[in-house]
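Trainee: Below you will find the structure I want to go over with you.
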Ligand SMILES: Cc1ncc(C[n+]2csc(CCOP(=O)(O)OP(=O)(O)O)c2C)c(N)n1
Ligand SMILES: [Mg+2]
């Protein structure tokens, strides 16, 4: 007789095989390309501004991982919520937050999403259902579970997405959340962004179980490993997980196999991996190049693709301009938006 765990896993399509994902329509390819390019160009610009001293404090870039948030966002509907850690600019842009407000927060200006008082790791938008931005590794997992509890309590059919890293997956509160989420059948998708490193520590040096899709096994939470560099695979897995949650079946785990090209933060000497490793993944699997190549094969011209890039660069340049000229918050703002 099959164990209940196995039947849940089978019903949820839990497997390790990377089958070819369903094709995108041309419109979907263009949406994915534009949204991923916006994140890539935004992050490149943020890196430049950091180098110029216009951004201070912590800053963690998302370059290389763009397909994860863009593919997942394509599987959501308005009202679904997103929460993540500190590598968060891509998530905000994917949720529809404005580049201007995000960049101005990075430079500590009044027009930033937290009036210049939060910085890179602490931005929110209730309007766009983005709940941060958290510097404490793993904290967003229990908060994201709480968002799902609220949806369940209110009886709506919204789903919350809690993104976290391979390193965060080893935190204790993650498993307390898993237990409650399955026990109460909460509509939460745990999106584990396995980019192979937690700061300078590789997954194999830090994790006893490196198949993160299995991390919910003892709670009967189904999981799936996904090619997180292919936006179509991400969207397909997102659709499946969202359908599972909306049907009231409880949480779902998606392990996104991805890679970050830049250092952990701006001050990372990256001595723990070779330049060749990064170059090989960039060359063979880059999520943006994959879409570009498919569009070129479908007879889209280089000029048309360049026009999309130019349009995106314009948005990013305007955001950088705003972020350097907008005033800093007034000193009186020191005493607002705080608990006292
Ligand atoms: C509770 C806690 N412990 C340690 C840290 C320091 N720290 C910041 S990021 C990080 C690594 C997390 O790696 P991962 O979850 O893989 O996410 P990634 O940076 O790869 O996106 C650590 C240990 C922290 N911010 N909070
Ligand atoms: Mg990591």
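No value in this document is a laboratory result; all are computed from the given coordinates. Note that the coordinates shown come from a computational prediction; the quantities given were computed from them, not determined experimentally. As a convention, Cβ positions derive from the backbone with ideal geometry for all residues, glycine included, and neighbour counts pool all protein chains shown.
Trainee: How much of the DSSP bridge set in the chain is antiparallel, in percent, rounded to the nearest 5? Walk me through the intermediate numbers first.
Mentor: Details: 3 of 24 bridges.
That works out to approximately 10 percent antiparallel.
Trainee: Let me ask something else about it. Under the 0.36 nm per residue contour assumption, what length would be gained going from the current alpha-carbon distance of residue 333 and residue 209 to full extension? Don't skip to the answer; put the middle values down first.
Mentor: Working: separation 124, 0.36 × 124 = 44.64 nm, distance 4.63 nm.
Length difference between fully extended and current span is 40.0 nm.
Trainee: How do 317-323, 103-109, 188-194 rank on mean C-beta neighbours within 10 Å, highest first? Kindly include the intermediate steps, with their values, before the conclusion.
Mentor: Values: 317-323: 18.6, 103-109: 25.3, 188-194: 27.9.
Final packing ranking: 188-194, 103-109, 317-323.
Trainee: Mind sorting 249, 45 by how few other Cβ atoms lie within 10 Å of their own Cβ, fewest first?
Mentor: Working: 249 16, 45 19.
With the fewest neighbours first, 249, 45 line up as 249, 45.
Trainee: If each DSSP helix of 4+ residues adds -39,500 (n - 2.57) and the sum is divided by the residues in the chain, what number results at 222 nm, nearest 500 deg cm²/dmol? Mind showing how you got there, number by number?
Mentor: Numbers: 12 runs with 150 residues, N = 340.
The per-residue figure over the chain is -14000 deg cm²/dmol.
Trainee: Work out how much length residue 340 to residue 23 would gain on full extension: take 0.36 nm times their residue separation and subtract the Cα-Cα distance, in nm to one decimal. Walk me through the numbers on the way to the answer.
Mentor: Values: separation 317, 0.36 × 317 = 114.12 nm, distance 5.32 nm.
Going from the current span to full extension adds 108.8 nm.
Trainee: Another question about this same structure. For residue 136 and residue 201, FRET efficiency with R0 = 22 Å and r from the beta-carbon atoms, rounded to 0.05?
Mentor: On the way: r = 18 Å, r/R0 = 0.81.
Efficiency, rounded to the nearest 0.05: 0.80.
Trainee: Based only on other Cβ atoms within 10 Å, what is the fewest-to-most ordering of 210, 204, 145? Kindly include the intermediate steps, with their values, before the conclusion.
Mentor: Working: 210 15, 204 8, 145 25.
So the ranking, lowest neighbour count to highest, is 204, 210, 145.
Trainee: Please compute the modelled spin-label separation between residue 274 and residue 310, points set 7 Å along Cα→Cβ, answer in nm with one decimal.
Mentor: Each label point lies 7 Å from its Cα, and together they span 4.1 nm.
Trainee: Residue 298 to residue 126: FRET efficiency via 1/(1 + (r/R0)^6), r the Cβ-Cβ distance, R0 45 Å, to the nearest 0.05? Could the numbers behind the result be given before it?
Mentor: Numbers: r = 39 Å, r/R0 = 0.87.
E(calc), rounded to 0.05, equals 0.70.
Trainee: As a footprinting exposure proxy, order 98, 328 by other Cβ within 10 Å, with the fewest listed first. Walk me through the intermediate numbers first.
Mentor: Numbers: 98 17, 328 14.
By the 10 Å Cβ count, ascending: 328, 98.
Trainee: Between rounded, prolate and oblate, where does the range 24-316 land on the alpha carbon gyration tensor, with a ≥ b ≥ c its root eigenvalues, rounded for a/c under 1.5, else prolate if a/b exceeds b/c? List each step's numbers first, then the result.
Mentor: Working: a/c = 1.33, a/b = 1.27, b/c = 1.05.
Judged from the Cα gyration tensor, the range 24-316 comes out rounded (a/c under 1.5).
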